[in-house]
Amino acid sequence: MRVYPEQLTQQLDKGLRQAYLLFGNEPLLKQECGDSIKRLAQQQGFLERHHFTIDNQLDWNLVLDCCQAMSLFSAQQIIELDVPDTGLNANQAKALLEVIEHLNPDILLVLTGPYLNKKQEATKWFKALDAIGLYVPCNTPDAKQMPRFIQARCRLLGLKPDHESVQMLAQWHEGNLLALAQSLHKLVLLYPDGELNIVRLQEALSRHNHYTPFQLVDAVLASQAKRSQRVLRQLQGEGVEATILLRTLQRELTQLYKMQEMGKKGTPLNIIFEQFRVWQNRREMYIGALHRLPLTRLVGIIRQLTQLELQVKTDYDTNPWPALSALCAEICGFDTHLHYA
């Protein structure tokens, strides 16, 4: 059964499940969910904890021993397994299935790991655990989800932000939930009445947003011009090399070019997306980009991007950021009158 982090407390009130799967890209949510589960488990007599990291050196017999070394007088146990970022190989998946077969009511299994795709959710070990436990996707909220996430957090802490404060908190902490949690706790201490407005935020906090090159890609694909410029400025301020951003954008533009070529040959859009493994929730964004960027425009932008990369690599005194800013605007669909040689 799948529940989201904000729903976990309600589920825990109904009692413990035998297994919990905490997978996603957000460390704070995984930590908080894990703490909530283990706190309740300890209250109910699960006093022993065993922690294992799944890698090629793990002796699975030690995990099985924890499941089998039970008696009427022994304590209930929590077994924690950390799944590697690369996922499970065939041998590890087989060993995990054996552990699942040996689970009993005195064992609580908690798995923590990276984001799972649909293929991984279809594996035997995942289905076996999903049948007896809860799957809690712990992923960082995107820009659209962030305000709602912040409002929920504020309610739990007794904070009452106005609309502008929620938007500012979202912008300042995007991609950095740990900093958001710290900021909200700081605001609780500073303002006991819980009232939050822009003036109070500016007095108490500084920006903690943390962006990645992939968020820049998503912003330009979605034609979010203002957001793309904000992300670009932040990446520049964090010292991210311009060449990394240029290569990331080039990879995406080249993929769009190949998609356009396939479309001209009559290939259906759903087949194109399947070939390039575009997830369902990202297809609308790609459809917009394909309509906005025909082949001729893509060729011009790719050519300009290539020239900028050569300039950065050959002239160490060059400042690539204004041209990179213009390129992002061009991808968003705005004409900056870039010169294409």
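Any idea which of 47, 103 is of a type in the set (A, V, I, L, M, F, W, C), closer than 19 Å to residue 16 by Cα and open to solvent by 40 Å² or more (accessible area, probe 1.4 Å)? Break it down stepwise before answering.
Working: 103 fails: open to solvent by 40 Å² or more (accessible area, probe 1.4 Å).
Answer to the check: 47.
Just to be sure I understand, how many residues within the range 1-38 are without any contact (Cβ under 8 Å) to a residue 24 or more places away in the chain and open to solvent by less than 30 Å² (accessible area, probe 1.4 Å)? Quick ask: steps written out before the conclusion?
Taking the range 1-38 as the starting set, the residues that turn out to be without any contact (Cβ under 8 Å) to a residue 24 or more places away in the chain are 7, 10, 13-15, 31, 35.
Then keep just the ones that are open to solvent by less than 30 Å² (accessible area, probe 1.4 Å); that gives 15.
Summing the residues that are without any contact (Cβ under 8 Å) to a residue 24 or more places away in the chain and open to solvent by less than 30 Å² (accessible area, probe 1.4 Å) in the range 1-38 gives 1.
I'd like the full set of residues that are open to solvent by less than 50 Å² (accessible area, probe 1.4 Å) and out of contact with any Lys or Arg (no Cβ under 9 Å at 6 or more places or on another chain), limited to the range 116-138.
116, 123, 126, 128, 129
From the residues in the range 179-190 that are in contact (Cβ under 8 Å) with a residue 24 or more places away in the chain and of a type outside the set (S, T, N, Q), which one is surrounded by the most Cβ atoms within 10 Å (Cβ to Cβ)?
The extreme case among them is 180.
In the range 278-337, what residues are open to solvent by less than 20 Å² (accessible area, probe 1.4 Å), of a type in the set (Val, Ile, Thr) and closer than 19 Å to residue 228 by Cβ?
301, 331
Among the residues of the range 154-165 satisfying the criterion of being modelled with pLDDT of 90 or more and either surrounded by fewer than 20 Cβ atoms within 10 Å (Cβ to Cβ) or among the small types (Gly, Ala, Ser) (or both), which is nearest to residue 41 (Cα to Cα)?
157
Just for the range 222-232: of the residues that are buried (at least 22 other Cβ atoms within 10 Å of the Cβ) and among the aliphatic types (A, V, I, L, M), which one is nearest to residue 283 (Cα to Cα)? Quick ask: steps written out before the conclusion?
We begin by selecting, within the range 222-232, every residue buried (at least 22 other Cβ atoms within 10 Å of the Cβ); these are 228, 231-232.
Pick out the ones that are also among the aliphatic types (A, V, I, L, M) and you get 231-232.
Working: 231: 22, 232: 23 Å.
Filtering the range 222-232 for residues that are buried (at least 22 other Cβ atoms within 10 Å of the Cβ) and among the aliphatic types (A, V, I, L, M), the one nearest to residue 283 (Cα to Cα) comes out as 231.
Going residue by residue through the range 74-85, is there one that turns out to be open to solvent by 20 Å² or more (accessible area, probe 1.4 Å), in a loop (DSSP other than H, G, I, E, B) and on the phi > 0 side of the Ramachandran plot?
Checked against the condition, which is being open to solvent by 20 Å² or more (accessible area, probe 1.4 Å), in a loop (DSSP other than H, G, I, E, B) and on the phi > 0 side of the Ramachandran plot, the range 74-85 yields no hits at all.
For residue 140, work out the one condition from (1) within 28 Å of residue 280 (Cβ to Cβ); (2) among the hydroxyl-bearing types (Ser, Thr, Tyr); (3) free of Cβ contacts under 8 Å to residues at least 60 places away in the same chain it doesn't fulfil.
All conditions pass for residue 140, except number (3).
Criterion first (under 22 Å from residue 211 (Cβ atoms), open to solvent by 40 Å² or more (accessible area, probe 1.4 Å) and among the polar types (S, T, N, Q)) does residue 255 satisfy it? Walk me through it before giving the result.
Details: under 22 Å from residue 211 (Cβ atoms): yes; open to solvent by 40 Å² or more (accessible area, probe 1.4 Å): yes; among the polar types (S, T, N, Q): yes.
Taking the combined requirement at face value, the residue satisfies it.
If residue 223 passes every condition in (1) touching a residue at least 60 places away in the same chain (Cβ under 8 Å); (2) touching a helix residue (DSSP H, G or I) at 6+ places or on another chain (Cβ under 7 Å); (3) within 28 Å of residue 153 (Cβ to Cβ) but one, which one does it miss?
Against the list (1) touching a residue at least 60 places away in the same chain (Cβ under 8 Å); (2) touching a helix residue (DSSP H, G or I) at 6+ places or on another chain (Cβ under 7 Å); (3) within 28 Å of residue 153 (Cβ to Cβ), residue 223 comes up short only on (3).
Can you tell me which residue among 88, 97 is assigned to a helix (DSSP H, G or I), of a type outside the set (Phe, Trp, Tyr) and either out of contact with any strand residue (DSSP E or B) (no Cβ under 8 Å at 6 or more places or on another chain) or open to solvent by 70 Å² or more (accessible area, probe 1.4 Å) (or both)? Even if it seems obvious, please write down each step before you answer.
Working: 88 fails: assigned to a helix (DSSP H, G or I).
It is 97.
Given the residues 261, 203, 274, which is the only one that is acidic (Asp, Glu) and modelled with pLDDT of 90 or more? Walk me through how you get there before you give the answer.
Working: 203 fails: modelled with pLDDT of 90 or more; 274 fails: modelled with pLDDT of 90 or more.
Of the residues listed, the single one that is acidic (Asp, Glu) and modelled with pLDDT of 90 or more is 261.
Take the residues in the range 137-167 that are over 21 Å from residue 231 (Cβ atoms) and basic (Lys, Arg), then tell me which one is nearest to the chain's Cα centre (by Cα).
153
If residue 99 meets every condition in (1) in contact (Cβ under 8 Å) with a residue 40 or more places away in the chain; (2) touching a Cys at 6+ places or on another chain (Cβ under 7 Å) apart from one, which number is that one?
The one condition residue 99 does not meet is (1).
For the range 168-178, state whether one or more residues are more than 24 Å from the chain's Cα centre (by Cα), more than 19 Å from residue 27 (Cβ to Cβ) and either open to solvent by less than 40 Å² (accessible area, probe 1.4 Å) or not aliphatic (A, V, I, L, M) (or both). Quick ask: steps written out before the conclusion?
Restricting attention to the range 168-178, the residues satisfying the condition of being more than 24 Å from the chain's Cα centre (by Cα) are none.
Scanning the range 168-178 turns up no residue that is more than 24 Å from the chain's Cα centre (by Cα), more than 19 Å from residue 27 (Cβ to Cβ) and either open to solvent by less than 40 Å² (accessible area, probe 1.4 Å) or not aliphatic (A, V, I, L, M) (or both).
The values are calculated or read from the model by the stated rules, or taken from the named source; none is laboratory data. These numbers were taken from a predicted model, which means no experiment stands behind them. Cβ atoms come from the backbone with ideal geometry, glycine included; neighbour counts cover every protein chain shown. For the accessible areas, the whole protein counts, side chains as well, though only heavy atoms, and no ligand, DNA or RNA atoms are used. Shrake-Rupley method; radii C 1.70, N 1.55, O 1.52, S 1.80 Å.
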